[in-house]
Amino acid sequence: MKKIVIAAAIIAAGAGAYWYTQHGTSSSVSANPLLDYVPADTPVFSGQLKPFPLKAYLHSISGNYQQYPTDVFAELGELDSPMGKFFVSIYQQYMDGIKDPALLLKTFGFPDEIKPYFYTLGALPVLKIDVDQVAAFWAVLDKAEKDSGVAHEIRQVGGVDYRAYALSDDSSSEKADLLFAHKDGILTVTFSTSVTEPELLEMALGLKKAPQSLAASGMLQEIIKTHGFMEDSISFINHVEIVKALTSPDSNMLSKQLTKLFAAENSGEDPLAEIRTPECRAELSAIAANWPRTVAGLTAFSVTEKESHMAASFVVETKNQPILTALQKMRGFIPAHLANIDSTIFSMGLGFDVNEVTPSLTAIWDDLQKPQLTCAPLAELQTELSQQSPAMLGMFTGMANGVKGMSISLLDYKMGTQESEPQLESLDALVSLSADNPAMLFNMVKPFAPMLAEVQLAENGDATDLSPLLMLPPELGIKPMLAIKGQHLVVYSGDKGLALADKLASEKLSANGMYSLSADYGKMFTPILTLLEMSGEPIPEEVQMLKDYNMRVQMSFDVNKQGIVLGSVVNSKASDKK
């Protein structure tokens, strides 16, 4: 069973990577016939509803892999597992081709635009992707077989031939196979086990439609409308269906499969018996109803051969209004420049209304104490939680009264050498603390920092040089300045730091977020690599490739009316180097 789980994880990881990178343009939810084969009670789904311009996307990112280290797979190639070597070979062929998009498409038989899908039939994972030159894809598998010593078996169901690769040992009573099938231009990757029914395999291979399909459920349209996602792609994890499967022996496809599996492996004993009681079923179902799904979709999308830009949101949906209200009250202030992915080399912002942290956490803690749960595992957790009151936090948050957020931004820097030693020549950066009364906070901190005892800050924005206090040598080229800019206590360095501090002064405190992190890989690593090149020392391949890595990423955490939101932005530009 362990091997089955590992193999499933490998397929799921690959499908996850496809989900994030493969989104595109034109068509509608109702015009996707593959959705007729996806059951409405699928616990997990990720689908490309509109064709994704794969060729253009690969061109926009290929420059990031031009110097990909040739020996990156050396260690992986030493795996003892034949199936491990099989997957490594496939991945290596992918990485070899990603430097040349035309070659990659030709190698794997992919068309210029694709519509991949990943979902589960109960516990059975299914990945579908467009392959219009199937001979090319079979050649990829043939090479992987040669590299690993793995062999396939040709089988047939419903007139469709498919390749089966054994994941279990011949001596094992538990049989598990990795399957590849091609039908009507669609490649299907799935599994079969000792308990997989032929009817389920027919549904996985696209021979039989789901009795109650996702297409007919209206769920995807509802997710798009509720969260304002683009129609390009939608993903979800259905917490309600997962809880049904765990708490009932026959409520959905997944629960029936688990029951059958437990009967075969545990001599009729149900390892979930503790939570398959009426009390647990009712209480866990109520929790799932309050937190029904985790959904994901695109909020911005643009792909050309020169540049790709994708923004996605992952939302943990909740209908628990007391907890949602408490979380929203804790939202703090994130400076506007952190929202611009091109404005900094690196930035991080933390937005919390410190005055609301303790009362909000207490409200959440109180809500989790009621009603009194009777399901044994939940009651035990509730008892443990009751002994961890957040009220003590008030003693610590009181020292930061009025704080709404803090941030750090690296805007520019330059490296040099002095007497053959690396040295920072200049630094443009900004650190900010946003509060209702930053001057009062500064005066509160002064008794705990003797070096600041003589510093008097003007509320008109005039700055104080911290270099003497920090004893920074002039040759270092860094002159940190401390100032109050509007409702922000700032420390900045360099002209760019000053300009951004002055701009921040006009920003009023608002509850606009909780966390933001962004990085520009190229700008971050290029000065360091330039310095290494000047030193004449050899640069490892895996470090050298970062110099021209033209990619920017951003992550965020927030709360909105629908639930807890994780945001992600990826921007990549094609390299000018050929």
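Say whether the condition of being closer than 30 Å to Ile61 by Cα, of a type in the set (S, T, N, Q), surrounded by 18 or more Cβ atoms within 10 Å (Cβ to Cβ) and out of contact with any Pro (no Cβ under 6 Å at 6 or more places or on another chain) is met by at least one residue in the stretch 429-436.
No, every residue in the stretch 429-436 fails to be closer than 30 Å to Ile61 by Cα, of a type in the set (S, T, N, Q), surrounded by 18 or more Cβ atoms within 10 Å (Cβ to Cβ) and out of contact with any Pro (no Cβ under 6 Å at 6 or more places or on another chain).
All but one of (1) at pLDDT 60 or above; (2) open to solvent by 30 Å² or more (accessible area, probe 1.4 Å) hold for Val88; which doesn't?
Failed condition: (2).
Return a yes/no flag: does the stretch 112-135 have any residue that is open to solvent by 10 Å² or more (accessible area, probe 1.4 Å), farther than 22 Å from Ser168 by Cβ, in a helix (DSSP H, G or I) and not charged (D, E, K, R).
For the stretch 112-135, residues open to solvent by 10 Å² or more (accessible area, probe 1.4 Å), farther than 22 Å from Ser168 by Cβ, in a helix (DSSP H, G or I) and not charged (D, E, K, R): present.
Just one of Met534, Met545, Met514 is aliphatic (A, V, I, L, M), surrounded by 18 or more Cβ atoms within 10 Å (Cβ to Cβ) and at pLDDT below 95; which is it?
Numbers: Met534 fails: surrounded by 18 or more Cβ atoms within 10 Å (Cβ to Cβ); Met514 fails: at pLDDT below 95.
When all the criteria are applied, what remains is Met545.
Let me confirm something: among Ser386, Ser426, Ser409, which residue is out of contact with any Cys (no Cβ under 7 Å at 6 or more places or on another chain), modelled with pLDDT of 95 or more and not hydrophobic (A, V, I, L, M, F, W, C)? Before you say what the answer is, go through the steps one by one.
Details: Ser386 fails: modelled with pLDDT of 95 or more; Ser426 fails: modelled with pLDDT of 95 or more.
It is Ser409.
Just to be sure I understand the filter: pairs with C-beta atoms under 9 Å, separated by 6 or more residues or on different chains, first member in the stretch 472-494 and without any contact (Cβ under 8 Å) to a residue 12 or more places away in the chain, second member assigned to a loop (DSSP other than H, G, I, E, B) and not hydroxyl-bearing (Ser, Thr, Tyr). Which pairs pass?
Leu472/Leu466; Leu472/Ile478; Leu472/Lys479; Leu472/Pro480
Output the helices (runs of 4 or more DSSP H) that fall wholly within the stretch 445-538 and possess 3 or more residues being under 30 Å from Ser575 (Cα atoms) and of a type outside the set (S, T, N, Q), or say none. Show your work before the answer.
On the way: elements: 467-470, 494-504, 521-535.
Per the criteria, 494-504, 521-535.
If you check Ala273, Ala288, Ala264, which single one turns out to be within 24 Å of the chain's Cα centre (by Cα) and not polar (S, T, N, Q)? Explain how you work it out, then say what you get.
Details: Ala273 fails: within 24 Å of the chain's Cα centre (by Cα); Ala264 fails: within 24 Å of the chain's Cα centre (by Cα).
Every option except Ala288 fails the conditions.
I'd like the residue in the stretch 440-462 that is in contact with a strand residue (DSSP E or B) (Cβ under 9 Å, 6 or more places away or on another chain) and open to solvent by 40 Å² or more (accessible area, probe 1.4 Å) and, out of all such residues, is farthest from Asp502 (Cα to Cα). Give the derivation first.
Step one: of the stretch 440-462, the residues in contact with a strand residue (DSSP E or B) (Cβ under 9 Å, 6 or more places away or on another chain) are 441-442, 452, 455-462.
Next cut, open to solvent by 40 Å² or more (accessible area, probe 1.4 Å) only: 456, 459-460, 462.
On the way: Gln456: 19, Glu459: 13, Asn460: 11, Asp462: 11 Å.
For the stretch 440-462, the residue satisfying everything is Gln456.
What residue, among those in the stretch 269-302 that are free of Cβ contacts under 8 Å to residues at least 40 places away in the same chain and in contact with a Lys or Arg (Cβ under 9 Å, 6 or more places away or on another chain), is most open to solvent (accessible area, probe 1.4 Å)?
Top of the filtered list is Arg281.
Sort out for me the helices (runs of 4 or more DSSP H) sitting completely within the stretch 150-227 that have 2 or more residues that are more than 30 Å from Ala136 (Cβ to Cβ) and either in contact (Cβ under 8 Å) with a residue 60 or more places away in the chain or not acidic (Asp, Glu) (or both).
Values: elements: 198-204, 214-217, 219-227.
The helices (runs of 4 or more DSSP H) meeting that bar are 214-217, 219-227.
Within the stretch 142-149, is even one residue open to solvent by 10 Å² or more (accessible area, probe 1.4 Å), within 28 Å of Pro53 (Cα to Cα) and within 31 Å of the chain's Cα centre (by Cα)? Give the steps one after another, and end with the answer.
Step one: of the stretch 142-149, the residues open to solvent by 10 Å² or more (accessible area, probe 1.4 Å) are 142-143, 145-149.
Checking the rest, the ones that are also within 28 Å of Pro53 (Cα to Cα) come to 142-143.
Now restrict to residues that are within 31 Å of the chain's Cα centre (by Cα): none.
Checking the stretch 142-149: not a single residue is open to solvent by 10 Å² or more (accessible area, probe 1.4 Å), within 28 Å of Pro53 (Cα to Cα) and within 31 Å of the chain's Cα centre (by Cα).
The values are calculated or read from the model by the stated rules, or taken from the named source; none is laboratory data. Quick caveat, the model's predicted, so the values are computed rather than measured. All Cβ positions, even for glycine, are placed from backbone atoms using ideal geometry, and neighbour counts span all protein chains on display. Keep in mind that these areas ignore ligands, DNA and RNA; they rest on the heavy atoms of the full protein, side chains included. Shrake-Rupley method; radii C 1.70, N 1.55, O 1.52, S 1.80 Å.
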